[in-house]
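Single-structure report; data block below.
The values are calculated or read from the model by the stated rules, or taken from the named source; none is laboratory data. Every value quoted in this text rests on a predicted model; they were computed, and no experiment measured them. So basically every Cβ, Gly included, is an ideal-geometry build from the backbone, and we count neighbours across all protein chains shown. The accessibility values were calculated without ligands, DNA or RNA, using every heavy atom of the protein model including side chains. Shrake-Rupley method; radii C 1.70, N 1.55, O 1.52, S 1.80 Å.
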Amino acid sequence: MSDARPPAIDSAGVRAPIVAGLVAALVGFTSSFAVVIAGLRAVGATPAQAASGLLALCLVFGLVMLGLATWTRLPLSFAWSTPGAALLVSTGTVDGGWAAAVGAFAVTGVLLALTGLVPALGRLIGRIPVPLAQAMLGGVLLQLCLAPFVAVADSPALIAPILLVWLVATRWLPTWAVPIAFVVALGVMATDLATSDAAVPRADLVPTLSWTTPAFTVAAVIGIAVPLTVVTMASQNIPGVAVMASYGYRVPWTPSMVAAGAGTAIVAPFGGHAMNLAALSAALTAGDGAGAKDRRWIAAATAGVAYLVLAPASAALVALTASAAPGIVESVAGLALLAAFAAAMRGALDDTEHRTSSAVAFLVAASGITIGGVGGAFWALVLGLAVRWTIERPRPDAAADPADPADPA
């Protein structure tokens with residue numbers, strides 16, 4: 001009689017995806033949480049509300065990653081929208097304040113879900129020229145990327161150690177450069193607090209979800225929800241699909257977008273701005289370093305569990321950064337976004353035929369202008385498209401943009 005036991009999963013085969021998942025979560029969290037805090041504070045969140053948003057995001061997309069990876073057996077990775085948080089920094093407060101920003105986050109969730117449920121909407125967003133979207137993103141990122149270099153001139157004793165460690169780590173441990181800089185920044189903040197006799201209230205260290213009833217204003221929807229959706233789609237969801245495809249995985253588009261949209265809508269009243277398919281984390285959980293291809297879903301599931309474990313640290317991190325000297329948090333956020341800024345500018349200017357419209361979009365987004373209560377990111381798209389359709393209008397017989405995901409070919 002044969003023994004029909006199921007094959008055992010050897011520990012060596014599981015170790016690689018588990019380690020990859022833990023690395024993905026640690027790198028993703030430590031390298032960009034400062035950007036999220038800066039973004040939420042910029043649109044009116046109190047430290048407690050920013051901590052709530054960070055906590056809600058970690059909990060929800062951690063659960064989404066764990067659930068989808070287990071269900072699909074694919075290494076589907078999710079994250080908060082780091083470029084979207086940078087967009088919030090450039091946008092600032094809108095008409096209606098924090099409650100209106102929360103309403104815009106909820107609308108963003110609906111729009112993201114609809115890109116999965118309504119193909120026409122996905123195609124509409126896809127028809128926004130990639131160079132224009134990248135130029136807008138570059139303009140949004142510019143001020144944060146300048147922050148470390150402005151801050152080091154104002155506070156060299158505090159910022160210079162962070163920059164020096166980041167430079168050395170970038171040379172030898174590029175994946176860990178920003179997390180290492182973050183650890184150094186924590187040490188700088190702790191030292192600065194100790195020498196200034198400042199204290200962080202113990203109550204601020206306890207993770208708490210804080211509810212904000214959303215308010216809906218036209219300015220917030222146009223100035224936050226629309227560009228936040230475009231930035232999240234162009235710089236996170238679409239690259240995330242491409243990264244997965246490069247490793248031989250086909251992303252289930254509708255379930256993924258519905259999960260991202262529903263998750264965003266759920267976290268919005270608690271202060272979370274947007275969640276999406278990950279790009280960097282996808283490379284870590286779906287790449288060869290995550291072990292055998294049929295077991296890489298374990299890496300994504302592990303990352304989801306790791307985010308659930310990291311979530312309670314959100315309150316302490318926000319409390320510490322809120323008490324820190326000006327410039328430290330912004331410097332870490334800027335360092336985290338340098339690679340994204342470089343990629344955005346390359347994508348914006350590679351198309352020589354349309355560089356003028358891209359330059360206009362970049363400059364308008366970087367200017368920080370507000371017209372009619374609507375921030376510069378929206379107007380960057382409007383004016384960039386206007387220049388593209390008038391001064392740079394394509395010939396009627398011109399071929400479709402090969403980078404346009406809506407091209408039926």
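Figures for the structure shown
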item	result
Accessible heavy-atom area order of I369, I159, highest first, probe of 1.4 Å	I369, I159
Pair D350, L209: separation of 7 Å Cα→Cβ label points (nm)	4.1 nm
Two-site label geometry, R393 and T175: point separation in nm, points 7 Å out along Cα→Cβ	5.0 nm
Three-way shape call for segment 235-365 based on the alpha-carbon gyration tensor, with the a/c threshold at 1.5	oblate
Computed P(r) (all Cα pairs; segment 67-201; 10 Å bins; percent)	9, 22, 32, 25, 11, 1
A242 paired with R123, simple spin-label distance in nm, labels 7 Å along Cα-to-beta-carbon	2.2 nm
Of every Cα-Cα pair in segment 1-149, the percent that sits beyond 26 Å	43 percent
Three-way shape call for segment 156-250 based on the alpha-carbon gyration tensor, with the a/c threshold at 1.5	oblate
In Å², nearest 10: area of C58 left accessible to a 1.4 Å probe	0 Å²
Cα gyration tensor, segment 47-130 - rounded (a/c under 1.5), prolate or oblate	oblate
Relative contact order %, the chain, counting alpha carbon pairs below 8 Å whose residues are six or more apart	36 percent
Sum of -39500 (n - 2.57) over DSSP H runs of 4+, divided by residues of the chain (222 nm, nearest 500)	-22000 deg cm²/dmol
Whole-angstrom gap from segment 11-86 to segment 90-160, using each part's C-alpha centre	17 Å
Cβ-defined net charge surrounding A286, 11 Å radius [Lys, Arg +1; Asp, Glu -1]	+1
Charge dipole (the chain, unit charges on Cβ, about Cα centre) - positive-most of Y247, M275, I222	Y247
Dimensionless Rg/Rh of segment 212-264 - Kirkwood Rh, Rg from C-alpha atoms	1.10
Size of charge dipole - the chain - debye, nearest 20, with Cβ of Lys, Arg +1 and Asp, Glu -1, no other charges	560 debye
In Å², nearest 10: area of L55 left accessible to a 1.4 Å probe	10 Å²
For L317, solvent-accessible area (1.4 Å; no DNA, RNA or ligand), Å²	20 Å²
Projected-area mean, the chain, by convex hull of Cα positions, square nanometres	23.0 nm²
